[in-house]
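Remarks on the structure that follows.
FYI, it's all coordinate maths here, none of it is from the lab. Remember, it's a predicted structure, so these values are computed and weren't measured experimentally. Note: ideal-geometry Cβ built from the backbone for every residue, glycine included; neighbour counts use all protein chains shown.
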Amino acid sequence: MDQVAVIEIGRDSLFQILIISAPLMIAGMVVGIVISLFQALTTIQEMTLTFVPKIIAVFIATVVFLPFMMTSLIEFSHGLFDRIAAIG
């Protein structure tokens, strides 16, 4: 395995991590923005108000997007195993 192959595998791995984690991060970010807007409009400045809705949103997003995340990870793993088998 040469350096180019190692760098390509690392790059593909990082890209896959971004794809898999994006739905959860986006859900948390959207809920955070909505709660921040609510706090700004109502002048409620409670710091712990954002935690529970974010946890619930990320949990729901995990349940909804878990099939996509698992399929994506399995396809990446199969491609990686095929690449390793072709080298060895």
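A few notes on this one:
- Among the GluC sites (Glu not before Pro) within the chain, those in coil by DSSP and having at most 14 neighbouring Cβ atoms inside 10 Å are E46.
- Count Lys and Arg as plus one, Asp and Glu as minus one, and take only other residues whose Cβ is under 12 Å from that of F76; the net charge is then -2.
- One entry in (1) 17.1, 56; (2) 19.0, 63; (3) 12.2, 42 is Rg and Dmax of the Cα atoms in Å calculated from the shown coordinates; its label is (2).
- The chain: most fluctuating residue of I20, I44, I60 per GNM, C-alpha cutoff 10 Å: I44
- Among T48, T62, T71, the residue with the largest mean-square fluctuation in a Gaussian network model of the chain, with springs joining Cα atoms closer than 10 Å, is T48.
- Cα long-axis angle, helix 51-87 against the chain (0 to 90 degrees, to the nearest 10): 10
- F51 paired with A85, simple spin-label distance in nm, labels 7 Å along Cα-to-beta-carbon: 4.7
- The C-alpha atoms of the chain define a longest principal axis, and helix 3-42 lies at about 10 degrees to it.
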